[in-house]
Structure formats: C-alpha cells, structure tokens
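Notes to accompany the following structure.
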Amino acid sequence: MKGLIDKRYIPGTWTVLPLKYAVNFRSDNLPEGTDSDYEFRYVDIGSVSEDRGVAEVESIRFEDAPSRARKRVKTGDVIVSTVRTYLKAIAKIYDDDDVIVSTGFSVIEPRRVTSEYLYYLMRSDAVCNEISKLSWGIAYPAVSESLMGRIMVPVPPRNEQMAIANELDQGVARLDSAIALLGRQIETLESYRR
C-alpha cells in the first residue's frame with residue numbers, strides 16, 4: 001500500500017511493514033452461552049473520544065447488553081473504531097478487569113511494537129488518514145481489519161519506540177497543562193466580567 005511511508009525518510013535501523021505483521025488483531029469474544037448475570041464494564045464507540053480516550057464505561061449484565069458487546073480486551077491492547085472512522089475513536093486499554101468492548105472496535109495487540117508506540121502510531125494523522133481512505137460507506141464509513149492490516153507502518157527498534165512514546169507523553173502532558181492553565185485564566189476573566 002502506497003502513500004503512508006516514504007522510505008527515503010525512514011532511518012536505516014527501522015523496518016517498514018504491513019501493520020498485520022507488527023500486531024495481532026484479537027478476536028477473543030464472549031460466547032453466546034455466557035452466564036446472563038455476568039456483569040462487565042462496557043465500552044461502546046460513543047464512550048471513546050479523540051481527545052480523552054475511554055471517557056466513560058457502563059456497567060451492564062450480559063442479558064441486558066446489546067449484541068455488539070462481545071469483544072474481550074487485555075491491558076496494553078489498543079482499540080480502534082472500525083465504524084464511523086472519522087471520529088478517531090482510538091484508546092489504549094489500561095485496565096482490563098471485566099472490560100468488554102463493542103464489536104465495532106478492532107482490538108489490536110502489540111507484537112513487534114510496544115503498546116505505547118502502537119497507541120501513538122494508530123492515532124497518528126498518517127495512519128488515521130489511511131484508515132479513512134480505506135473506509136467505505138457514507139453515513140457510517142467502515143473499514144475491515146484485513147484492509148487495516150495492509151497499512152504500511154514504520155517499526156523502529158524497541159528502545160526507540162519507547163523514546164518516541166516518552167517524548168510524546170511529555171508533549172501531551174505539557175499541552176494538557178497549558179490547556180488547564182488557559183481554562184483557569186478564562187474562568188478568572190469571566191469572574192472579573194461578572
């Protein structure tokens with residue numbers, strides 16, 4: 001698949017390969033015979049926002065759950081919405097205790113990449129744009145895991161993956177701090193106006 005990677009700009013120690021060779025697309029689902037009283041925390045597409053990750057979870061019993069509440073996750077997995085891809089509903093799983101996600105997510109397990117690097121890679125404009133290009137449909141554009149798996153991605157050595165993720169974590173923290181400060185300043189100005 002062309003478009004995402006220009007190998008001239010990739011360091012010689014990095015590998016460029018289809019996403020499907022860097023990760024596992026997990027398909028561990030709750031079986032239909034699950035105990036009807038089994039209670040879990042459910043993450044739907046609407047529960048994940050581009051800027052906050054998993055913003056809310058709903059505790060629900062299996063018998064009351066929608067039929068799409070089926071996919072199991074593990075800590076370190078990254079979930080990527082395969083429907084309404086323009087929403088960029090992408091999140092890293094930090095706590096997998098009784099968490100079930102919608103079948104509208106692709107559950108991606110790191111294999112040749114660290115979880116931290118995978119999270120930022122999947123949220124990158126380059127990967128999100130490729131996912132959007134591969135999506136079909138107008139009202140609810142969707143993409144299959146097999147198409148997503150063809151996206152060519154850069155895979156640095158693990159120590160560089162960690163350094164990249166750490167730098168991005170620090171940048172996000174600085175940005176969050178600046179946004180919080182700006183919010184406090186706006187509140188102060190509004191109180192002065194009142």
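The values are calculated or read from the model by the stated rules, or taken from the named source; none is laboratory data. These numbers were taken from a predicted model, which means no experiment stands behind them. Positions of Cβ are backbone-derived with ideal geometry, glycine not excepted, and every protein chain shown enters the neighbour counts. The area values use the complete protein model at the heavy-atom level, side chains included, leaving out ligands, DNA and RNA. Shrake-Rupley method; radii C 1.70, N 1.55, O 1.52, S 1.80 Å.
Take residue 145 and decide whether it is modelled with pLDDT of 90 or more and touching a Ser or Thr at 6+ places or on another chain (Cβ under 8 Å).
Numbers: modelled with pLDDT of 90 or more: yes; touching a Ser or Thr at 6+ places or on another chain (Cβ under 8 Å): yes.
It is true that residue 145 is modelled with pLDDT of 90 or more and touching a Ser or Thr at 6+ places or on another chain (Cβ under 8 Å).
What number of residues in the range 97-122 are farther than 16 Å from residue 24 by Cβ, touching a Lys or Arg at 6+ places or on another chain (Cβ under 7 Å) and among the charged types (D, E, K, R)? Before you say what the answer is, go through the steps one by one.
First pass over the range 97-122, keeping only residues farther than 16 Å from residue 24 by Cβ: 97-100, 102-104, 116, 120.
From what is left, the residues that are touching a Lys or Arg at 6+ places or on another chain (Cβ under 7 Å) are 98-100, 102-104.
Within this subset, residues satisfying the condition of being among the charged types (D, E, K, R) are 98.
Adding up the residues that qualify gives 1.
Is there a residue in the range 1-17 that is over 30 Å from residue 157 (Cβ atoms) and either touching a strand residue (DSSP E or B) at 6+ places or on another chain (Cβ under 7 Å) or not basic (Lys, Arg) (or both)?
Going through the range 1-17, the residues over 30 Å from residue 157 (Cβ atoms) turn out to be none.
Among the residues of the range 1-17, not one is over 30 Å from residue 157 (Cβ atoms) and either touching a strand residue (DSSP E or B) at 6+ places or on another chain (Cβ under 7 Å) or not basic (Lys, Arg) (or both), which makes the answer no.
Among the β-branched types (Val, Ile, Thr) and open to solvent by less than 40 Å² (accessible area, probe 1.4 Å): which single residue out of 131, 186, 138 fits that description?
On the way: 186 fails: open to solvent by less than 40 Å² (accessible area, probe 1.4 Å); 138 fails: open to solvent by less than 40 Å² (accessible area, probe 1.4 Å).
On inspection, the qualifying residue turns out to be 131.
Out of everything in the range 145-183 that is polar (S, T, N, Q) and under 18 Å from residue 110 (Cα atoms), what residue ends up being least open to solvent (accessible area, probe 1.4 Å)? Give the steps one after another, and end with the answer.
Keep residues of the range 145-183 that are polar (S, T, N, Q), which gives 146, 159, 161, 166, 170, 177.
Cutting the leftovers down to under 18 Å from residue 110 (Cα atoms) gives us 146, 159, 161, 166.
Working: 146: 77, 159: 111, 161: 1, 166: 75 Å².
Ranking the qualifying residues of the range 145-183, first place goes to 161.
Determine if the range 40-49 includes at least one residue that is touching a Lys or Arg at 6+ places or on another chain (Cβ under 9 Å) and open to solvent by 80 Å² or more (accessible area, probe 1.4 Å).
No; the residues of the range 40-49 include none that is touching a Lys or Arg at 6+ places or on another chain (Cβ under 9 Å) and open to solvent by 80 Å² or more (accessible area, probe 1.4 Å).
Only one of these is more than 20 Å from the chain's Cα centre (by Cα) and closer than 30 Å to residue 9 by Cα: 129, 159. Name it.
On the way: 129 fails: more than 20 Å from the chain's Cα centre (by Cα).
Just a single option satisfies the conditions, and that option is 159.
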